[in-house]
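**Q** Attaching a single structure in structure tokens format; questions to follow.
The values are calculated or read from the model by the stated rules, or taken from the named source; none is laboratory data. The shown structure was predicted, so the numbers you read here are calculated from the model rather than taken from an experiment. Cβ sites come from the backbone with ideal geometry, for glycine too, and all protein chains shown count toward neighbours. We work out accessible area using only protein heavy atoms, side chains counted, and drop any ligands, DNA or RNA first. Shrake-Rupley method; radii C 1.70, N 1.55, O 1.52, S 1.80 Å.
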Number of protein chains: 2
Amino acid sequence: MHRKVSDAVIRRLPRYYRQLALLEEEDVRKISSLALSGLMNITASQIRQDLNCFGGFGQQGYGYNVAELRHHIAHILGLTRQYRMIVVGAGNIGQALSHYANFTSEGYDVLALFDTDPALIGRTFGQAEVLDGAGLAEYLSAHEVDIAAITVPAGAALSVAKLCADGGIRALWNFAPVDIVLPGVAVENAQLTDGLMALTYRLCDLKAEEEPDEGQGTDTKVE
Amino acid sequence: MHRKVSDAVIRRLPRYYRQLALLEEEDVRKISSLALSGLMNITASQIRQDLNCFGGFGQQGYGYNVAELRHHIAHILGLTRQYRMIVVGAGNIGQALSHYANFTSEGYDVLALFDTDPALIGRTFGQAEVLDGAGLAEYLSAHEVDIAAITVPAGAALSVAKLCADGGIRALWNFAPVDIVLPGVAVENAQLTDGLMALTYRLCDLKAEEEPDEGQGTDTKVE
């Protein structure tokens, strides 16, 4: 069903999807790779190359059919069905995930949160209740769950991940600052500070470009 | 100061950094690319290639010096200084970011949150107070801020981003589901559902690998 595509392309697909959905809302029917490039900070040739991975939907000189392309990307991303999600760890990030309105509109249902803190058990965030973490394995034997968001502290993350995998969950959305490697399980690393570090890297890069060493001009430096 | 490296490498650097910090805590002094690979779901040859981008710190047969490599990556990522951050939008995600303990330990200080909701203005999340969003431009003219986390609704994101850029902020950590393109400003896209979509893609991929069409065997299919 899927071609093998690079991680970098997979990472850009949701951005195309969002951008096309926005264009569709604005009643834009066709768009060129060049116009899309101006909206997205991706070069037009990169856009053409990415979308060609999936068969290519553009016609030279005519641009892309917005609705068709959005629909096709939705299909590729697996967005044409509902996903049942649990959130393990009902701290700040877990609560925010459960509240986050976009989820349900995009086809993600948060069924329950889990935590071991008695002050949190029984509370409701968004539509979902916090259940006792001690009952997680039992819950998974009774409920089919597609995705677990892991928002527990680093030290607990791997054991929680294993518990989820043993309970039949094949997709982990990991916010804990540890790498999780489990055979046959898809893991998306959503560690917030990782993104922040990538940002500070690029900030340094910007400043290095603008502030060359005195007397050296603007040549790119390699040290 | 910086070499130009690909976005994919930049994205893996924080993971190396975290993993090396963990190893250093456990008093591991040297590690081979192969051992690192087992911990990180990155192939050993990819690891060697990534780290060679920055000069290469391994010695064949000896592995990497953990402390030295971690220190060097910290330097590359710009983690050897403090960053002043504001959070624009004090909803669930903004509150979670302000609370998130890792930030201060990694060198990020949240100075203030901004929101236009009178029910939020004056409240404190983590160490930072919610200020009136109407005063953002004035605040930026009086305070030097390195990074703005944007956690406002999609419709407001671009105008907030412009306000921040006009106020001298050069790095935006964007949680709003729109692409922000501003000249001379580094933008890290942290749209949560983007990560979730990449995860469902990979989940579909896993299932496709395991459940080949009847009679077709396990050949990779391209449709």
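**Q** Collect the residues in the range B:29-74 that are at pLDDT below 85 and within 12 Å of chain A (Cβ to nearest Cβ), keeping them in residue-number order.
**A** Correct list: B:ASN41, B:CYS53, B:PHE54, B:GLY55.
**Q** Sort out which residues of the range A:16-39 are surrounded by fewer than 18 Cβ atoms within 10 Å (Cβ to Cβ) and of a type in the set (Lys, Arg), and write them in order of number.
**A** The answer is A:ARG29, A:LYS30.
**Q** Something else now. So, in the range B:71-119, how many residues would count as being free of Cβ contacts under 8 Å to residues at least 40 places away in the same chain, open to solvent by less than 30 Å² (accessible area, probe 1.4 Å), in a loop (DSSP other than H, G, I, E, B) and under 15 Å from B:ALA148 (Cα atoms)?
**A** 1
**Q** Let me confirm something: among B:GLY168, B:GLY122, which residue is assigned to a loop (DSSP other than H, G, I, E, B), in contact (Cβ under 8 Å) with a residue 12 or more places away in the chain, of a type outside the set (S, T, N, Q) and at positive phi?
**A** B:GLY168
**Q** Criterion first (modelled with pLDDT of 95 or more and in a helix (DSSP H, G or I)) does A:SER141 satisfy it?
**A** Yes: the conditions hold for A:SER141.
**Q** Please go through the range B:105-123 and give me each residue that is within 16 Å of B:GLY89 (Cβ to Cβ) and under 26 Å from the mean Cα position of the chain (by Cα), ordered by number.
**A** B:VAL110, B:LEU111, B:ALA112, B:LEU113, B:PHE114, B:ASP115
**Q** Taking only pairs six or more apart or across chains, which ones have beta-carbon atoms under 6 Å, a first residue in the range A:24-41 that is in a loop (DSSP other than H, G, I, E, B), and a second residue that is hydrophobic (A, V, I, L, M, F, W, C)?
**A** Short answer, once both residue conditions are applied: A:VAL28/A:VAL66; A:ARG29/A:VAL66; A:ASN41/B:VAL181.
Table: residues versus (1) closer than 29 Å to B:ASN52 by Cβ; (2) in contact with a strand residue (DSSP E or B) (Cβ under 9 Å, 6 or more places away or on another chain); (3) at pLDDT 90 or above.
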residue: A:ARG170; (1), (2), (3): no, yes, yes
residue: A:TRP173; (1), (2), (3): no, yes, yes
residue: A:ALA186; (1), (2), (3): yes, yes, yes
residue: A:LEU199; (1), (2), (3): yes, yes, yes
residue: A:LEU206; (1), (2), (3): yes, yes, no
